[in-house]
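See below for the structure under consideration.
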Amino acid sequence: MSLWATDPPGDPYFDPRLNAWILTRYRDVAAALRDPLLIPALARLRAMPLPSDPEVGPCTLNIGLIEGGRAPNVIPDYAHADLLYRLIGPTDDLRQQIRATAGDRVQVTFPLELPFMRMQTIDGLPTMIAAFTTDIPKLTNWGEPLLIGPGSIHVAHTEGEYIEKQQLHEAIELYCSIARQLQ
């Protein structure tokens, strides 16, 4: 079985993900001065080899947020980073690898996981895999999911989000066609 997500007539998207939070706290100012921890931990994580799959491609890392301290003229007592990993399979080994690579002097937590998921395809509809996100793995009580809809993922959930009227009309016909096929 292959992993495919469809979203015609717009652009398809799929991104199971794992958020990892890296937090450093210092006992005192002297510790913060002599032993900065966050940036070296992030450098190790960026250099860490990630798994890859021939069908869905590589696991990827995005360091989406780095923050810390109280002001530019104050030595920071903490630092924090939010990382997002695009998953390609089970996470147990990846979680262990992240913890080991980050090191035991930083705190690593995993507050969110949208698991890797293989989705149903519909005959005749184009499919592809792209590194974007969906909440479908959290919608577990609605049968077998399809990821499909009008518009482009490149503007979805942005300030300039829009869907062309023609795409809405095409989507209505597409949804009806899929419902008939799945009966």
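Summary of values
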| read-out | value |
| --- | --- |
| Any strands (runs of 3 or more DSSP E) falling wholly within the stretch 1-112 and containing at least 3 residues that are modelled with pLDDT under 55 | 17-25 |
| Residue within the stretch 91-103 that is under 16 Å from the mean Cα position of the chain (by Cα), surrounded by fewer than 17 Cβ atoms within 10 Å (Cβ to Cβ) and over 30 Å from GLN181 (Cα atoms) present | yes |
| Residue satisfying condition, being touching a Cys at 6+ places or on another chain (Cβ under 6 Å), of a type in the set (Val, Ile, Thr) and surrounded by 12 or more Cβ atoms within 10 Å (Cβ to Cβ), within set ILE153, ILE148, ILE88 | ILE88 |
| Residue ID - farthest from LEU125 (Cα to Cα), chosen from residues in the stretch 140-170 that are aliphatic (A, V, I, L, M) and at pLDDT 90 or above | ILE163 |
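Residue-by-condition table, conditions (1) touching a residue at least 12 places away in the same chain (Cβ under 8 Å); (2) more than 15 Å from MET48 (Cβ to Cβ):
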| site | (1), (2) |
| --- | --- |
| ALA71 | no, yes |
| LEU83 | yes, no |
| GLN97 | yes, no |
| THR101 | yes, no |
| GLN107 | yes, yes |
| ILE129 | yes, yes |
| ASN141 | no, yes |
| GLU144 | yes, yes |
| ILE148 | yes, yes |
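The values are calculated or read from the model by the stated rules, or taken from the named source; none is laboratory data. Note that this is a predicted model, so its numbers are computed, not measured. Glycine gets a Cβ as well: all are built from the backbone with ideal geometry, and neighbour counts include every protein chain shown.
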